[in-house]
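In what follows, a structure is listed as structure tokens, so that the remarks can point back to it.
The values are calculated or read from the model by the stated rules, or taken from the named source; none is laboratory data. Just so it is clear, the model here is predicted, and its values are computed rather than measured. No Cβ is skipped: glycine too gets one built from the backbone with ideal geometry, and neighbour counts run over all protein chains shown.
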Amino acid sequence: MNPRILEQFEPGTPVRVIQVVQRRGRPYEAEVVGVVVAWEDQPTGSWHAHGKNDKLWLKRLKLRKVDGELTNLVVDASTRIARIEAAK
């Protein structure tokens with residue numbers, strides 16, 4: 001993911017996130033709408049990943065959905081994020 005995308009979606013920004021989940025047969029698209037709470041780099045905890053401190057680090061997006069629920073999404077190359085007028 002391009003690090004500059006983080007600058008576009010600061011905390012407080014309402015967004016629509018579409019993620020593609022690969023399945024047998026055909027991909028499935030999952031959509032989440034909410035307000036950006038934070039961007040965080042977090043390790044997977046995987047012992048076999050060879051990255052920073054021997055862990056694989058993932059970019060995670062924390063959103064507050066319209067009903068107040070907090071959700072964390074792992075952002076990868078197939079994730080699409082778009083600014084919206086207001087979370088609905």
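For this structure, a couple of remarks:
- Pair list, Cβ under 7 Å, 6 or more apart: segment 28-43 residue more than 14 Å from LYS59 (Cβ to Cβ), other residue of a type in the set (D, E, K, R) and outside any strand (DSSP E or B): VAL33/LYS88
- Of all residues in segment 1-38 being among the polar types (S, T, N, Q) and either at pLDDT 85 or above or in a strand (DSSP E or B) (or both), the one that is nearest to VAL75 (Cα to Cα): GLN19
- Restricting segment 56-70 to residues that are over 9 Å from the mean Cα position of the chain (by Cα), touching a residue at least 24 places away in the same chain (Cβ under 8 Å) and not in a loop (DSSP other than H, G, I, E, B), the residue that is surrounded by the most Cβ atoms within 10 Å (Cβ to Cβ): ARG64
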